[in-house]
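Encoded as structure tokens, the structure appears first; notes follow it.
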Amino acid sequence: MNHRSGEQQLRAWARLWKEVRPAPPHAVEATALGEYAAVRILEGPTAAARRFPEIARHLDEGCERCEADLKELVVFLDGERQPQPDPHERWLPTVLALAWHYGGVNTAAFRIAEYPELVLQGVESGGDTQLNLGIRLRTDEVRLRVDGWELRVADADGQERFRGVTDAHGALRLPGISVPDLIHARLEVKPPVGTEGD
Ligand SMILES: [Zn+2]
């Protein structure tokens, strides 16, 4: 027990020394490592090694300190590169509720799970589809607006085919998209700004 705690104490001293000792002069400057990291992210490790051969060699030799710094730099720079998420960028998938080919017109109705009081109806005419967003007046919830809803139509593989915003009457024309197209597509809506959390 005594022997073991002595060993632990030694280790603790070693750790402490590592933290308080003055940093040795270093082959690689922090700014150069930063440039290396940026090139490595944007153009890949081969390009970075070509531009900064001495840093690449130094890292190959296994410098823990630079390896750790590099890891942090990459996380930081990569984070900077990511587009910042728009707080209003919140798309809700719609769910097909009703069949089409009803009453001689191609129609389909969609529901937005998070807004059960909304009805989204697609009516096809001449190869285009008119979408109409309506509010079911079954509930007391009358604050919902039908205008300003952004609609996105994407193929099954996620390729966007159309994006538009409902007008004052909740209507939106989808040019060149039929109701069957719509049924097989991915239909998402984004509430108008200010609809949520009011
Ligand atoms: Zn180093």
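Data overview
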{"item": "Qualifying residue in region 133-143 (condition: at pLDDT 80 or above and under 19 Å from Pro191 (Cβ atoms))", "result": "yes"}
{"item": "Some residue of region 88-107 being at pLDDT below 80, acidic (Asp, Glu) and within 30 Å of Ile41 (Cα to Cα)", "result": "yes"}
{"item": "Selection within region 168-198 - part of a loop (DSSP other than H, G, I, E, B) and at pLDDT 85 or above", "result": "Ala168, His169, Gly170, Pro175, Gly176, Ile177, Pro191, Pro192"}
{"item": "Restricting region 48-68 to residues that are closer than 21 Å to Gly79 by Cα and in contact with a helix residue (DSSP H, G or I) (Cβ under 9 Å, 6 or more places away or on another chain), the residue that is nearest to the ligand (Cβ to nearest atom)", "result": "Cys66"}
{"item": "Residue check, Val165 modelled with pLDDT under 85 and aliphatic (A, V, I, L, M)", "result": "no"}
{"item": "Residues satisfying the stated conditions in region 40-77, i.e. crowded, with 18+ Cβ neighbours inside 10 Å and either in contact with a His (Cβ under 8 Å, 6 or more places away or on another chain) or β-branched (Val, Ile, Thr) (or both)", "result": "Ile55, Cys66"}
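The values are calculated or read from the model by the stated rules, or taken from the named source; none is laboratory data. Since the structure is predicted, the reported quantities are computational estimates derived from the model, not experimental observations. Positions of Cβ are generated from backbone atoms using ideal geometry, with glycine treated the same way; all protein chains shown enter the neighbour counts.
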